[in-house]
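Values quoted throughout were computed directly from the atomic coordinates according to the rules given, and no laboratory measurement underlies them. This structure is a prediction, so every number in the text was calculated from the model and none was measured. Here the Cβ positions follow ideal geometry from the backbone for every residue, glycine too, while neighbour counts run over all protein chains shown.
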Amino acid sequence: MKCNLNRIKQKSSNQLKDFQHKKTRNIVDNIEANVIILGDLSAKQMASSEKGDRKSSKARTAVPTIQVTSDG
């Protein structure tokens, strides 16, 4: 019984990974830009910072960038 449950969980995990891979591959293949920017924005922190306060540490978030080159 426990083995069957583990197999179902593994299958679900694999399906999720496959879905995510297909979607991200689709985005990369169909984009005309050469740079994709990923980030984690916090709406709560942005709302709590004062308007126009650019020096606020709450409003700043490090954003990693990924250089994407098209092969075709």
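Annotations
- Placing dummy labels 7 Å off each Cα toward the beta-carbon, the span from residue 33 to residue 2 is 4.8 nm.
- Residues whose amide H comes within less than 5 Å of that of residue 36, counting only those at least five positions distant or on another chain, are 66, 68 (H built at 1.01 Å from N in the peptide plane).
- Whole-Hz couplings from phi, Karplus 6.51/-1.76/1.60, listed for the range 21-35; x for Gly and Pro: 5, 5, 5, 5, 5, 4, 5, 5, 5, 9, 9, 9, 7, 9, 10
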